[in-house]
1. Just to be sure before I move on: is B:Ile261 buried (at least 17 other Cβ atoms within 10 Å of the Cβ), within 14 Å of chain A (Cβ to nearest Cβ), closer than 23 Å to A:Glu353 by Cβ and out of contact with any Lys or Arg (no Cβ under 7 Å at 6 or more places or on another chain) in the structure I sent?
2. Which members of region A:125-163 meet the condition of being among the charged types (D, E, K, R) and within 11 Å of chain B (Cβ to nearest Cβ)?
3. Do we have any residue at all in region B:178-187 that's over 20 Å from the mean Cα position of the chain (by Cα), of a type outside the set (Lys, Arg), within 14 Å of chain A (Cβ to nearest Cβ) and over 26 Å from B:Val79 (Cβ atoms)?
4. Is it the case that some residue within region B:267-281 is within 14 Å of chain A (Cβ to nearest Cβ) and over 17 Å from B:Thr33 (Cα atoms)?
5. What do you reckon, is B:Glu291 in contact (Cβ under 8 Å) with a residue 12 or more places away in the chain and either farther than 30 Å from A:Asn348 by Cβ or surrounded by 14 or more Cβ atoms within 10 Å (Cβ to Cβ) (or both)?
6. Only one of (1) farther than 30 Å from B:Leu125 by Cα; (2) among the small types (Gly, Ala, Ser); (3) in contact with a helix residue (DSSP H, G or I) (Cβ under 8 Å, 6 or more places away or on another chain); (4) in contact (Cβ under 8 Å) with a residue 60 or more places away in the chain is not met by A:Ala128, so which one is it?
7. Just one of (1) farther than 24 Å from A:Leu274 by Cα; (2) out of contact with any helix residue (DSSP H, G or I) (no Cβ under 6 Å at 6 or more places or on another chain); (3) not in a loop (DSSP other than H, G, I, E, B) trips up A:Tyr403, so point out which.
8. Which condition number in (1) outside any helix (DSSP H, G or I); (2) over 52 Å from the mean Cα position of the chain (by Cα) is the one that A:Leu663 fails?
Amino acid sequence: MSKRNLLIEIGLEEMPARFIDDSINQLASKLESWLSNQKIAFNEVQSFATPRRLAVLVTDVAERQEDIHEEAKGPAKKIALGQDGAWSKAAQGFTRGQGMTVDDIYFKEINGVEYAHVKKFIEGQETAVLLPELKGLITGLTFPKNMRWANEELRYIRPIKWIVAMFGKEVIPFSITGVAASNHSKGHRFLGSELEISSPENYQDELLDQFVIVDTEKRKQAILSQIENIEDDNGWVIPVDEDLLDEVKNLVEYPTALYGKFEEEFLEIPEEVLITSMKEHQRYFPVKSKDGHLLPYFVTVRNGDHQNLEKVARGNEKVLRARLADAAFFYKEDQKLSIDHALAKLKNVVYHEEIGTVAEKTIRVQRLANLISERLGLNAETATAINRTAEISKFDLVSQMVYEFPELQGIMGEKYALQKGESSIVAKAINEHYMPRNAEDSTPESDTGAVVSIAEKLDTICSFFAIGVVPSGSQDPYALRRQATGIVQTLINKQWSLSLELLIGLSLDLVDESGILKRTNKEVYEDLAHFFGLRIKHLLQEHGIRYDLIDAIIGSGLRNIPGLLENAHILQVKKEELGFKESIEALSRVLNIAKKAEVRGDINPELFENDQEQQLYQEFLEAAKQAEEGISGSALYELLTSLRPTITEYFDHTMVMAENQDLRQNRLNQMSALATLILKFAKVNDINVK
Amino acid sequence: MNIQNMILTLQKHWSEQGCILMQAYDVEKGAGTMSPYTFLRAIGPEPWNVAYVEPSRRPADGRYGENPNRLYQHHQFQVIMKPSPDNIQELYLDSLRALGIDPLEHDIRFVEDNWENPSLGCAGLGWEVWLDGMEITQFTYFQQVGGLECKPVSVEITYGIERLASYIQDKENVFELEWTDGFTVRDIFGQPEFEHSKYTFETSDPEMLFNLFNIYEKEAHRQMEEGLVHPAYDYVLKCSHVFNILDARGAISVTERTGYIGRCRNLARKVAKTFYEEREKLGFPILARKEQNEHE
């Protein structure tokens, strides 16, 4: 069968760079599934995009749809045929519905019953006839932000300026918002001109002649190699931020990298400020020396060729100079701000309308941080540093620099705190208390930073849960999930065996005191415990722990988090070992029967009736003693599983649910005590050993 | 090219595109968008093409005339075209060429920038136009004005006159820009910049300003009840300006801030809705005339 190449290009006013990659992937995958659904054979879908166009080239598209042979099942034979042997109404209706006649019917047996069938044959249509349907595909693209223009009803990423739609050399006829599809495209806005695409396969080359590199990957590579040239020519190191590069490649159709310089005196401004100013505001790449110092240069990528590069560089220098002069001004102004004055200002900064001011939040965080510090038994020096860090953790929020560059919160806090005479521990911890800032970021290194970070995040989560802002589905506007994961990660990295349940309780009580709870403390607590449980479940999944082991681990309570993780790994390994099943079954029996105990009391050895009871009691006492001394992990696991023979013996000779009330209660007491010990490791009866 | 000639050039260019050339509106405002020639006229189905220079007051940006890049009052050249023409980007680039900016010698880009003015219930999508990295123009397709969906959509082009001039004249300091032969921005605006900054940050009376806000707000509501959109809107603008001074003065806490913005927005929405209704009562005369002309 003969084939042709298919080209679609949607010409648009400049699209937002951040939406281009997703938009072109969407167009390509929608076109691919349209072709598949239409049973139109093709070889490959290639996609191209620039700020002004989304384009797809499909190679070797079949001229016709595939023919369809299909068998349709109708009524049973006894219904299809009347008693007189004539076709019934049901049979006629069936064939009519299939676009056939009763003459086409044949019978086929299914599960012993004969049914009427017809064989349908649908002849494939010509592809060229179907292609105008692509109009719907194009208007059906969805974008994160849509707009209308002029008098048009269509909501789209940006106004549509031209459409190229070609099947081979033939134009596919349709139009959208008054723009008729054709074989006319447009080149670079300034360097190129309008052009006629001779044939789909020439698309890339013909646009390159008009100064448009339509392949996003090629543009990216071009920028990279131009940057490398600049590095080599000047002996610089230009660290290329991947996100920035991805954005820049989608800001230009024909990239040319160039560099400019700024006054050396601006290097007195903290490096982070300079880098943020260059990257965020201007999309420049900062330049470093080989030994890693920031140099007074920058690299920018122009949407054009090499003409007048000098002029473009001078212009960009002028802009950056003004920006840096601003930053220098803010930096100078901030020197006048005292920490006390900044803290006073925080009383007027609303954190969230229903939660209160930043100052109020800070007081809660400080109290919580101190409580955590006590529980951890940290030394006096660290405890003092934690108290101070929490107290002033947010002071930089009212600085001019953070007002201008919000992403520098904490970073400026560290710098300014040092300048204002705070200890280096406190200064560093102010910065660290925001960590991890994103999924890739690490957790705080110092104990001080870690404690304040945990306290701050816990308070945020508890406060939002208190006012009913609970993440659900894709809705998590305050990134509470990420913060919860941050807390869990920090506890693990620090190997702090704090009970998360306890931490949640402490934090929630402080929030409760501030009077913002919209529901009862208990309801909010349960939501929080469930929420953190899910975070830990997710973490254990990432560690490759089997699902039932995860349930068993979380089921025993959110206490010591590093311990949870360790226990999960022990089970994950042990489950393959001989005797695992038997051990877990024995321990599970204890848990299952202990559930029946309503009240727990002391065990009275005088009520024991057999040696096995006595034996289990002795071993329990020894185990409890060891547990008291703090054994955990593998040692605890070995200790518990070593009880297996005794437990089995016990059940073989003892009827826990005895007739006699006192005997029964005493035995349940023993089971409960043992269960408590087992649950220190895991809720083993959730483990699937079948 | 001095600023005066820039303005003349832009006026000539947009006049040739069929824009009505207007003078600045005579009530204080923070941006050209707030002029009734934009805010009100972007509402409803009537065509509207207009260009004007708007002196815009930003009390918080006052720097006593000492900062080379910041001004209490700067100038915007504002163009509104409704419905937005198909070739609006080309018309805009032609205006740059008229100003002597050859796109081949520079790096000109349309960088996403969505615009929102919550206190006026306005939102739009578009770009900031970069000239060698410098933002020289806001380019916006209005989607919503005064809380009303725009239909048809207007396009708004706002040139920052001083920004553009500092590029064209290659000056580092805005006060050294030539307004016309022998007159710099400092000659004309130096003293007012200092005095308005001192007023905003030091000598203004917050209590009086709070009172004024309340009085203006009340009057706006009262005029609205009379169906008098334009007097009412003048008082909305006055509210907004007073709010800006108070905000710059640091007299409004963050909590209160939301409240004041909300009050401005409610007024603006009411004005927008009433303006639409009043034009509707008149039978949208500009649209009716245009349709009649097209018939003949």
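1. yes
2. Initially, region A:125-163 is screened for residues among the charged types (D, E, K, R), giving A:126, A:133, A:135, A:145, A:148, A:152-153, A:155, A:158, A:161.
Within region A:125-163, A:Lys145, A:Arg148, A:Glu152, A:Glu153, A:Arg155, A:Arg158, A:Lys161 meet the criteria.
3. Within region B:178-187 (the criterion being over 20 Å from the mean Cα position of the chain (by Cα), of a type outside the set (Lys, Arg), within 14 Å of chain A (Cβ to nearest Cβ) and over 26 Å from B:Val79 (Cβ atoms)), the answer is no, since none of the residues qualifies.
4. No: region B:267-281 contains no residue that is within 14 Å of chain A (Cβ to nearest Cβ) and over 17 Å from B:Thr33 (Cα atoms).
5. So B:Glu291 fails the test.
6. Of everything listed in (1) farther than 30 Å from B:Leu125 by Cα; (2) among the small types (Gly, Ala, Ser); (3) in contact with a helix residue (DSSP H, G or I) (Cβ under 8 Å, 6 or more places away or on another chain); (4) in contact (Cβ under 8 Å) with a residue 60 or more places away in the chain, A:Ala128 misses just condition (3).
7. Of (1) farther than 24 Å from A:Leu274 by Cα; (2) out of contact with any helix residue (DSSP H, G or I) (no Cβ under 6 Å at 6 or more places or on another chain); (3) not in a loop (DSSP other than H, G, I, E, B), only one is false for A:Tyr403: (1).
8. (1)
The values are calculated or read from the model by the stated rules, or taken from the named source; none is laboratory data. What you see is a predicted model, and the numbers here were worked out from it, not measured in a lab. A quick note on method: Cβ atoms are made from the backbone with ideal geometry, for glycine too, and the neighbour counts reach across all protein chains shown.
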